[in-house]
Amino acid sequence: MKRILAFVVASLVVAAAIWWLVTTREEQRLASAALPALCEDILFERARYIACTVDPAAATIALHLSDASGKPWRSLQRLADYQRGQGAPFAFSMNAGMYHVDLSPVGLHVQSGKQVAPLNSGSGVGNFFMKPNGIFGFTKDGQPFILDTVAYLDAALGVEFATQSGPMLV
């Protein structure tokens, strides 16, 4: 009887461990998280994604690197708390780009029409330098764009905001 009980307990522990390993912590968190109305949880090829559809004509899309004192936000929660405290509508936030240890952008970062960090077309080690890398942004007249770094150099766009990342986001 003790052997059967030990076998049953061991089987339950193994089953729980397999479930825990197969479902990642992110999937477990997503399963219980409430998503904004403009977002949906998508399962594609056994991987879970959150996809949000935003109409740039109806919503403000912006980059926020630092607070008013120039200090990096350091967390999406800190930015969200600030925005809500200012009474600014805030649907969701996400990381945009790659950053050095001091939280300065590795590549191009344009915020409110001002270039904060230059385009980085160099070579190196790590995701950022995987080719093609590219730029996501909006022009001053509100047109969205995604361009690889070489195409961006040739485009001569009037940019309101942009962020560079690698490899390409899309």
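Points to keep in mind about this one:
- Were the residues from ASP102 through CYS52 laid out at 0.36 nm apart, the gain over their Cα-Cα distance would be 15.1 nm.
- Computed from the C-beta positions of GLU45 and SER69 and an R0 of 35 Å, the FRET efficiency is 0.20 to the nearest 0.05.
- Amide H to amide H, with H built 1.01 Å from N, PHE161 comes under 5 Å of GLY113, PHE138, counting only residues 5 or more places away or on other chains.
- For the range 56-69, the Karplus equation 6.51 cos²θ - 1.76 cosθ + 1.60, evaluated at θ = phi - 60°, returns couplings of x, 6, 10, 9, 8, 10, 8, 9, 9, 8, 9, 7, 4, 8 Hz by residue, with Gly and Pro reported as x.
- Placing a pseudo-label 7 Å from each Cα along the Cα-to-Cβ vector at SER112 and GLN77 gives an inter-label distance of 2.7 nm.
- Once the Cα-Cα distance is subtracted from the 0.36 nm per residue extended length, the ALA155 to LEU119 segment shows a gain of 11.6 nm.
- Sorted peptide list for 79-88, 113-122, 159-168, criterion being average Cβ within 10 angstrom, highest first: 159-168, 113-122, 79-88
- Accessible area per residue for the range 100-165, computed on protein heavy atoms with a 1.4 Å probe, is 55 Å².
- Protection proxy ranking for 133-142, 60-69, using the average of other Cβ atoms within 10 Å per residue and placing the highest first: 133-142, 60-69.
The values are calculated or read from the model by the stated rules, or taken from the named source; none is laboratory data. Keep in mind that what you see is a predicted model, and the values were worked out from it rather than measured. Every residue, glycine as well, gets a Cβ built from its backbone with ideal geometry; the counts of neighbours run over all protein chains shown. Keep in mind that these areas ignore ligands, DNA and RNA; they rest on the heavy atoms of the full protein, side chains included. Shrake-Rupley method; radii C 1.70, N 1.55, O 1.52, S 1.80 Å.
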